[in-house]
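> This is the structure I have questions about; it appears just below.
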Amino acid sequence: MGLSRHVLGLAAALAVGFVSPASAEKVFRQANDLSFGGAESLDPLSSNRFIEVVALIYSRLMREGENGEASPELATSWTANADATEWTLTLQPGVKFHDGSDFDAADVAYSLSRIEDPALESPVASVLGIIDRVEVVDPMTVKIILEAPHAGLPLLLLDYRVRMIPEGSGPTINENPVGTGPFKVEAVDAEGTTTLVANEGYWEGRPKLDKIQFTAIPDAEARNQAMLAGQLDYNLMTAEQAPLFADNPAFQVQSFPGGQWVGAVFRANAEPFTDPRVRRALRIAVDRNAMLTLLEGPDGGAVGCDTPVKLSDPNRANLECPQDIEGAKALLAEAGYPDGIDIELFTSDVSPGMVRFAEVYQAQVAPAGIRVNVNLAPSDGYWDDVWLKEPAFVTAWDGRPADQFLNEIFRTGAGNNESFYSDPAFDALLDKARSTVDVEAARALYVQAQQMQFDDGGTSIPFLKNGRRVLSGKVTGILPKPEEFIRWHMVDLTE
Amino acid sequence: MSGTYVLRAVLSQPSGAIGVTLVVGHVMLAVLSQLVLPHDPIAQSAELILQAPSLSHPFGTDRLGRDILSRAMLGGREAMMIATLATLVAMIWGTAVGLFLALIGGRTDTYGMRIVDALSSIPGILIVMIFVAALGVGATALIPILGCSYGLSVVYIARAAALDFVARDFVLAAQARGEARATILIREILPNVRDTLAVQGAMQVSWLLLGIASLSFLGLGVAPPTPDWGLMIADGRGVMPTAPWVVLWPMAMLSSLIVGVNLAADAFAKALGVDRQMGVRAA
């Protein structure tokens, strides 16, 4: 009958209509926070690197294993000579770059040698400047020769910026980003939409997603609203945002010991912070436990004594530092400020909690006679115009291991030495720790270095916070662990 | 018209009575609230984070456990002070320039007004943001910046109002007597445009209040820990779905003040017989 044919036709059309979305492209939607205000670079070594994208298109030699140890990625195995000055790495065969060329030892030698290119001014140089040269033994073997022994080289190669690019591609890598990662660049607009597509030839298997799309949303609250509105599949969040997503089947909430921190930096090369007594007073006046509870909740992280080293690192110093208002007053008086001190602290909405950190800091140190004027700077371009420029500012970092962090943000002249701290004794201590092959002895030296930072450093780091993220209900393959543990080719969207 | 007569005419209109009550209430709150604050407005408390309204905290608490009632009571003080002083700055220079151009006329008037047109074409908040970024925040920077920027609209109003009088016999007579321009402006023209300018001044206050709240919301206005409605709204918007009271109360305070000023200005205009349309900013 005519009618039933129509009904069947309609049913078929409906069925197609319902089926086709499932077979449609799987597009995973994220936001990028526009940290560099549109000056984002796709060069993994750039200090302006497009953080979210770089990790997806380039691979490292090693990546974090189950417990944060170095485990194979593009290097399958490695051995050191007896005094840890020469490291031989065997590479993963059959890996191809996005442009179809083969990945081999020459690419490794080139990518590692770029770190010390003075023109790049890469912050990594302060960490991996110890590499003297890299020799190509055969296409699948490289030998890294160090200037001085370093028993922990594999941990340094976990650095999230040490990523492999084709030999000679450095000058054009920003315009022509070619890596070996699970995703390839289709279109880049750091201030608009950036689209990555699956790398069909990825050596660990084709990614389950077809595309990853980044939308620029500089404001943390706006990212949260976009997540709530179902416009994103993945977002980092703060403790107080968790109730918005909890008990809602449309979302999955994850919490994990991370190591992210927000801190106040007082530049050792700017008045009045040139006096170490002033710097110490500004840090010991903080009530770390109260601040953690106020900003992240009682289970929101772990307090520490101004050490940035992540919790899982055995080289982290575990010192005691209760709030010491009287001590701070005494130090300020000694330094010539018997009536207290006025400081201007810059902060911004650019990373969650940075403004409230400044407000809590301001309230906590007031009894010590430290009068803080909180200056709210615009989030656009904060890292370019305020960070490293103003004498005192709020900063934010992800968790990192001891050797990397201590060398990168406290060593004299290091690119990310935001507090402009400089002490030859401290640098010598780090050198000694690196060349100490005995693990326990090296640990004692790293702990001593952190003690030095607590004694006269310029960075207040009251606590490390737990990481929190929210995923849309469809996401699978992301474990409750920090970003660096995510295997993006395993991530999927299921209905 | 005597002041008492005008006030009676304003209060006899229901909208005027409501407007004046709201404004007077806000001013009294700003002046006296320090004496009757239920809690310390900047005391932070981990135990009290984001508490819903209760007997001890009738407006609830914010993300750092601070009492919102106390903060909302104080949150308009800076903005009201800055708005009033910036209005004075705007009215003084805007009136002076507007009346001067109207009296002089000719090319000076034409070129002068084209400059004012050009400056008015730039969004006010943008000008203010650029200067705030350069000169910093705080009342001492905001009052001159806002006063200069918001005075542009006063130039139009003052000039338009004065043009009605520059060709009148009493002005021509004063010119024939050889009186100085300044004397003519102050003694002959200003008294005639006073009512129009008074209404314009009242409207300026409400625009400035909104402007200051926007700047605070963007982090360019009042600095923490001073309680401020714009800052409170900015800080609370992230928790709006779970703790709406954090933004609700500062929003209610800000809007009631602005509505109050507008209603009062409207009634004031009617009482003085001023055409309120002249008071609409050429935005």
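The values are calculated or read from the model by the stated rules, or taken from the named source; none is laboratory data. Only a predicted model underlies this, so the values are computations on that prediction, with no experimental measurement involved. Positions of Cβ are backbone-derived with ideal geometry, glycine not excepted, and every protein chain shown enters the neighbour counts. All accessible areas refer to the heavy atoms of the entire protein, side chains included, with ligands and DNA or RNA removed. Shrake-Rupley method; radii C 1.70, N 1.55, O 1.52, S 1.80 Å.
> So what's the net charge close to residue B:97: Lys and Arg +1, Asp and Glu -1, counting the other residues with Cβ under 14 Å from its Cβ?
Summing Lys and Arg as +1 and Asp and Glu as -1 gives +1.
> To continue, here is another question. Which of the aspartates and glutamates could a cross-linker span from residue A:481 if the Cα-Cα distance has to be under 12 Å and same-chain partners fewer than 8 positions apart are dropped?
A:64, A:66
> Could you work out the mean projected area of the convex hull around the alpha carbons of region B:1-153, in square nanometres to one decimal?
14.0
> Treat every Asp and Glu Cβ in chain A as -1 and every Lys and Arg Cβ as +1, leave all other atoms uncharged, and give the resulting dipole magnitude about the Cα centre to the nearest 20 debye.
Here chain A has a charge dipole of around 1200 debye.
> Moving to a separate point now. Taking Cα atoms, how many degrees apart are the long axis of helix A:325-334 and the longest axis of chain A, rounded to 10 and kept between 0 and 90?
The helix A:325-334 is inclined about 60 degrees to chain A.
> Return one whole number: the accessible area per residue of chain A in Å², for a 1.4 Å probe.
On a per-residue basis, 39 Å².
> Tell me the Kirkwood hydrodynamic radius of region A:142-234 in angstroms, computed as one over the mean inverse distance between distinct C-alpha pairs.
That comes to 16.5 Å for region A:142-234.
> For region A:88-213, what's the relative contact order in percent, using C-alpha pairs closer than 8 Å and at least 6 residues apart?
About 25 percent, as a whole number.
> Let me ask something else about it. Starting from the Cα of residue A:96, step 7 Å along the direction of its Cβ; do the same at residue A:187; then give the gap between the two resulting points in nm.
So the two model labels end up 2.6 nm from each other.
> Another question about this same structure. Using protein heavy atoms only (no ligands, DNA or RNA), what is the total accessible area buried between A and B, 1.4 Å probe, nearest 100 Å²?
1800
> At 37 °C and 0.692 mPa s, what whole-number value in µm²/s does Stokes-Einstein give for the translational diffusion of the protein assembly as shown, with Rh from the Kirkwood sum over Cα pairs?
109
> Choose one of B:27, A:242, A:363: the residue whose Cα lies farthest towards the positive end of the charge dipole of the protein assembly as shown (beta-carbon charges +1 Lys, Arg; -1 Asp, Glu; about the Cα centre).
The Cα lying farthest towards the positive end belongs to B:27.
> To the nearest 0.05, how large is the calculated FRET efficiency for residue A:113 and residue A:148 if R₀ is 22 Å and r is the Cβ-Cβ distance?
On the way: r = 18 Å, r/R0 = 0.81.
With R0 = 22 Å, the Cβ-Cβ based efficiency is 0.80.
> Region A:411-484 to region A:132-171: how many Å between their Cα centroids?
Answer, in whole Å: 22.
> While we're on this one: I'd like the accessible area for residue B:23, computed on protein heavy atoms only with a 1.4 Å probe and all protein chains in place. Round to 10 Å², please.
Surface open to solvent at residue B:23 totals about 40 Å².
> Rounded to the nearest 10 degrees, what's the angle between the helix B:190-217 long axis and the longest principal axis of chain B, both from Cα atoms, 0 to 90?
30
> With no other cysteine's Cβ closer than 4.7 Å, which Cys residues of the protein assembly as shown count as lacking a disulfide-compatible partner?
Unpaired cysteines in the protein assembly as shown: B:148.
> Related question: So if I take the alpha carbon set of chain B, get Rg, then get Rh from the Kirkwood formula, what is the Rg over Rh ratio?
Ratio value, two decimals: 1.06.
> Dipole of region B:90-191 (Lys/Arg Cβ +1, Asp/Glu Cβ -1, origin at the Cα centre): which of B:118, B:152, B:172 lies farthest to the positive side?
Toward the positive end, the furthest listed residue is B:172.
> Moving on. Just the accessible area for residue A:280, please: 1.4 Å probe, Å², rounded to the nearest 10?
For residue A:280, solvent-accessible area is about 70 Å².
> Between residue B:169 and residue A:412, what FRET efficiency comes out of the Förster formula 1/(1 + (r/R0)^6) with R0 = 60 Å and r the beta carbon distance, rounded to 0.05?
Values: r = 83 Å, r/R0 = 1.38.
Efficiency, rounded to the nearest 0.05: 0.15.
> Taking only Cα atoms, what is the 0 to 90° angle, nearest 10, from helix A:2-23's long axis to the longest principal axis of chain A?
Computed tilt is about 30 degrees.
> Label 7 Å along Cα→Cβ of residue B:140; region A:366-405 residues with amide nitrogen under 14 Å?
From region A:366-405, the list is empty.
> Pulled fully out, how much extra length does the chain show between residue A:320 and residue A:439, if you take 0.36 nm times their separation in residues and subtract their Cα-Cα distance?
40.5 nm
> Let me ask something else about it. If you take the beta carbon distance between residue B:12 and residue A:389 as r and set R0 to 51 Å, what does 1/(1 + (r/R0)^6) give as a FRET efficiency, to the nearest 0.05? Intermediate values should be presented prior to the final figure.
Working: r = 59 Å, r/R0 = 1.16.
FRET efficiency, residue B:12 to residue A:389: 0.30.
> By the scheme Lys and Arg +1, Asp and Glu -1, what is the net charge of all other residues having a beta-carbon under 14 Å from that of residue A:429?
Surrounding charge for residue A:429 is -2.
> Taking a 1.4 Å probe, which of A:321, B:148 shows the most accessible area, and what order do the others take after it? The partial results should precede the final answer.
Working: A:321 20, B:148 75 Å².
Order by accessible area, largest first: B:148, A:321.
> Now for a separate question. What percent does the relative contact order of chain A come to when contacts are Cα pairs within less than 8 Å and at least six residues apart? Let's see the in-between values first.
Values: 1048 pairs, mean separation 99.9, N = 495.
Normalised by residue count, the contact order of chain A is 20 percent.
> Skip the ligands, DNA and RNA, and give the accessible area per residue of chain B with a 1.4 Å probe, whole Å².
Per-residue value: 46 Å².
> Let me ask something else about it. Using a cut-off of under 16 Å, list every residue of region B:132-159 whose amide N is near the label point 7 Å from the Cα of residue B:181 along the Cα-to-beta-carbon line.
Those under the cut-off are B:159.
> Do you know the relative contact order of region B:152-257, to the nearest whole percent, from alpha carbon pairs under 8 angstrom that are 6+ apart?
That works out to 17 percent.
> Separate question: Would you mind pulling out the separation of the Cα centroids of region B:130-169 and region B:7-24, in Å?
What the calculation gives is 27 Å, centre to centre.
> Moving to a separate point now. Given a 1.4 angstrom probe, I'd like the percentage of the accessible area of chain A that is carbon and sulfur, rounded to a whole number.
54
> Does anything in region A:54-86 have its amide N under 20 Å from the 7 Å Cα→Cβ label point of residue A:172, and if so which residues?
Zone members listed by number: A:57-59.
> Among residues other than residue A:284 whose Cβ falls under 11 Å from its Cβ, what is the net charge (Lys/Arg +1, Asp/Glu -1)?
Values: positive: A:277, A:279, A:280, A:283, A:288, A:329; negative: A:287, A:306, A:324, A:326, A:455.
That works out to +1.
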